[in-house]
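Q: Quick one: structure below, then a few questions.
The values are calculated or read from the model by the stated rules, or taken from the named source; none is laboratory data. Because the structure is predicted, anything quoted here is derived from the model rather than measured. Cβ atoms come from the backbone with ideal geometry, glycine included; neighbour counts cover every protein chain shown. Each accessible area value is taken on the protein alone, full model and side chains, heavy atoms only, with ligands, DNA and RNA left out. Shrake-Rupley method; radii C 1.70, N 1.55, O 1.52, S 1.80 Å.
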Amino acid sequence: MKNSFEHSMPNSEGYFGEYGGSFVPPELEKIMREINEAYEECCKDPDFQTELARLYKHFVGRPSPIFHAENLSNKYGVDIYLKREDLNHTGAHKINHCLGEAILAKKMGKTKLIAETGAGQHGVALATAAALVGLECDIYMGEVDIAKEHPNVVRMRILGANVIPATHGRKTLKEAVDAAFEAYLKDPITQLYAIGSVVGPHPFPKMVRDFQSIIGNEARVQFQEMTGKLPDNLVACVGGGSNAMGLFSAFLEDEQVAIHGVEPAGRSLQTPGEHAATLTLGEPGVMHGFKSYMLKDEQGEPQEVYSVASGLDYPSVGPQHSYLKDLGRVSYGSISDDEAIDAFFELSRQEGIIPAIESSHAVAYALKLAKQGVKGSILINLSGRGDKDIDFVVENYGAKYGIESLI
Ligand SMILES: Cc1ncc(COP(=O)(O)O)c(C=O)c1O
């Protein structure tokens, strides 16, 4: 198995081709360098790696299994497999990097972890890691997402974290990142901003990718053990892009493996503000401290974005995805709200697995590929479970799927 900490990209300045880098105020430049140095030390420190491996196994429950979804495979005529990140402790892939970031923060002598969250999965995972290693935790979350993802808000509070509402703009993920950055700038010494995806200034896109690459490293071995070959297709949803990079990174050099990233087309790809299809419709730009594809409004500012999935509505994307798009190594497509909700019910009713709405985008895309006649096998990264979404889905879409009333 490849060492998850050995990757040739980014370069020493944090660039993946022209994307990435570190565009931060002068007071943060030194801090980012310190985080990078501390992280580089951890990569070489066997104690750090042993501790992380112990927690992945005994706390998270890794390796997460791969499940051959036979009912779906029979129905759609292509072999569909699921990498079950939904079975991790806390219910999503986010715990993979949160544990790494929490141990790093502790080693650096920080006393508080702060972060943004969209769907609440990163917030819950970070609150969990903070409780485990003994750090305070502040989570910034848009007011709209607080209402939508109520169960995760309750979980964060039970775990001892403060949940601080972001009340400006659309009150969703981008605004939560704005609020967390503002809070971080006030005290970057005692706090570590544990960014929730492969975004932000260097070294975060690299660091979060490395922690998440356990997904792909496991999957590569497991899939070959199960089938004797590599998957023909990989599919993962892309918000900031961490679960996708986690899976893709182990297969980038396998040219025979087709790789698909899935963005949210929301209510309409044609109307600005009604989707968050950054790689599909964006252009290069800088926000939140890094350069990547970005959805811009007429003034060149981040466009308002929308998706039914609170973890996918972000107007930028991890810089390595932008690089892989330009390179043509990964194809990026999009899935609408309605298609994602259809897939949410399809997976629930065909396989007995309720997926997160974010992950439902990947499932929907895989089913679309199957309908278009893609051959061979498709490995979907099932990034999270849907418990957090059930009330919202039933309230807003239940009638269409025969759930008129819950009583
Ligand atoms: C279950 C799940 N999948 C995917 C995402 C999207 O994040 P990323 O693109 O960083 O994997 C989120 C974000 O909250 C999530 O909760």
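Q: Give region 219-240 a look and list any residue that's buried (at least 24 other Cβ atoms within 10 Å of the Cβ) and either out of contact with any strand residue (DSSP E or B) (no Cβ under 7 Å at 6 or more places or on another chain) or without any contact (Cβ under 8 Å) to a residue 60 or more places away in the chain (or both), or say none.
A: Listed by number, the residues that qualify are GLY239, GLY240.
Q: Take SER73 and tell me if it is hydroxyl-bearing (Ser, Thr, Tyr), touching a strand residue (DSSP E or B) at 6+ places or on another chain (Cβ under 8 Å) and not in a helix (DSSP H, G or I).
A: No; evaluated as a whole, the condition is false for this residue.
Q: Do any residues in region 68-97 that are without any contact (Cβ under 8 Å) to a residue 24 or more places away in the chain and of a type in the set (S, T, N, Q) have Cβ atoms under 8 Å from those of residues that are surrounded by 18 or more Cβ atoms within 10 Å (Cβ to Cβ) and not in a loop (DSSP other than H, G, I, E, B), where the two are at least six apart or on different chains, and which pairs are they?
A: Close Cβ pairs (under 8 Å, with a partner that is surrounded by 18 or more Cβ atoms within 10 Å (Cβ to Cβ) and not in a loop (DSSP other than H, G, I, E, B)) amount to SER73/ASP79; SER73/ILE80.
Table: residues versus (1) more than 22 Å from GLY240 (Cβ to Cβ); (2) within 13 Å of the ligand (Cβ to nearest atom).
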site	(1), (2)
GLY123	no, yes
ASP138	no, no
GLU143	no, no
ASN152	no, yes
ASN162	yes, no
THR172	no, yes
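Q: Of the conditions (1) in a loop (DSSP other than H, G, I, E, B); (2) within 27 Å of LEU135 (Cα to Cα), ASN11 clears all except one; give me its number.
A: Unmet condition: (2).
Q: When region 278-292 is examined, which residues are found to be surrounded by fewer than 24 Cβ atoms within 10 Å (Cβ to Cβ) and in a strand (DSSP E or B)?
A: Selection gives GLU283, PRO284, GLY285, VAL286, MET287, LYS291.
Q: A follow-up question, please. Report yes if ILE341 is within 16 Å of the ligand (Cβ to nearest atom), under 16 Å from GLY266 (Cβ atoms), of a type outside the set (Gly, Ala, Ser) and part of a helix (DSSP H, G or I), otherwise no.
A: yes
Q: Here's another thing I want to ask about it. Would you pick out the residues in region 306-323 that are open to solvent by 10 Å² or more (accessible area, probe 1.4 Å), within 27 Å of ASP387 (Cα to Cα) and more than 10 Å from the ligand (Cβ to nearest atom)?
A: Listed by number, the list holds a single entry, TYR306.
Q: Next question. Using the structure shown, decide if LEU99 is within 23 Å of ASP47 (Cβ to Cβ), open to solvent by less than 20 Å² (accessible area, probe 1.4 Å), modelled with pLDDT of 95 or more and away from the ligand (no atom under 11 Å from the Cβ).
A: When the stated conditions are applied, LEU99 passes them.
Q: Moving to a separate point now. Which residue, of GLU255, GLU274, is away from the ligand (no atom under 16 Å from the Cβ), surrounded by fewer than 23 Cβ atoms within 10 Å (Cβ to Cβ) and within 22 Å of ILE146 (Cα to Cα)?
A: So the residue among GLU255, GLU274 that is away from the ligand (no atom under 16 Å from the Cβ), surrounded by fewer than 23 Cβ atoms within 10 Å (Cβ to Cβ) and within 22 Å of ILE146 (Cα to Cα) is GLU274.
Q: If you don't mind, there's one more thing I want to ask. Given the condition modelled with pLDDT under 95, of a type in the set (D, E, K, R) and either out of contact with any strand residue (DSSP E or B) (no Cβ under 8 Å at 6 or more places or on another chain) or assigned by the TED database to the domain that holds VAL24 (or both), answer yes or no: does some residue in region 149-169 qualify?
A: Yes: one or more hits.
Q: With respect to the numbered conditions (1) touching a residue at least 60 places away in the same chain (Cβ under 8 Å); (2) within 16 Å of the ligand (Cβ to nearest atom); (3) assigned to a helix (DSSP H, G or I); (4) in contact with a strand residue (DSSP E or B) (Cβ under 6 Å, 6 or more places away or on another chain), which one is the sole condition not fulfilled by SER64?
A: The failed condition is (3).
Q: Further question on the same structure: What number of residues within region 8-28 are closer than 17 Å to LEU192 by Cβ and either outside the structural domain of ALA130 (by the TED database) or surrounded by 13 or more Cβ atoms within 10 Å (Cβ to Cβ) (or both)?
A: Matching residues across region 8-28 total 3.
Q: Does region 365-387 hold any residues that are open to solvent by 10 Å² or more (accessible area, probe 1.4 Å) and within 16 Å of the ligand (Cβ to nearest atom), and which are they?
A: TYR365, ARG385, ASP387
Q: Let me ask something additional. Does PRO46 satisfy the condition of being touching a residue at least 60 places away in the same chain (Cβ under 8 Å), open to solvent by 50 Å² or more (accessible area, probe 1.4 Å) and out of contact with any Asp or Glu (no Cβ under 7 Å at 6 or more places or on another chain)?
A: no
Q: Another question, then. Would you be able to tell me the number of residues in region 29-39 that are touching a residue at least 40 places away in the same chain (Cβ under 8 Å) and either open to solvent by 60 Å² or more (accessible area, probe 1.4 Å) or not in a helix (DSSP H, G or I) (or both)?
A: The qualifying residues number 1.
Q: Name the single residue that is surrounded by the fewest Cβ atoms within 10 Å (Cβ to Cβ) among those in region 177-218 being away from the ligand (no atom under 15 Å from the Cβ) and closer than 21 Å to ALA250 by Cβ.
A: Step by step, filter region 177-218, then rank; the result is ASN217.
Q: Under 8 Å by Cβ, and 6 or more places apart or on different chains, what pairs join a residue from region 255-274 that is over 21 Å from LYS325 (Cβ atoms) with one that is acidic (Asp, Glu)?
A: Close Cβ pairs satisfying both conditions: ARG267/GLU274; ARG267/ASP337; SER268/GLU274; GLY273/GLU304.
Q: Still on this structure, please answer the following. Got a number for residues in region 344-358 being part of a loop (DSSP other than H, G, I, E, B) and of a type in the set (D, E, K, R)?
A: Residues in region 344-358 being part of a loop (DSSP other than H, G, I, E, B) and of a type in the set (D, E, K, R): 0 in total.
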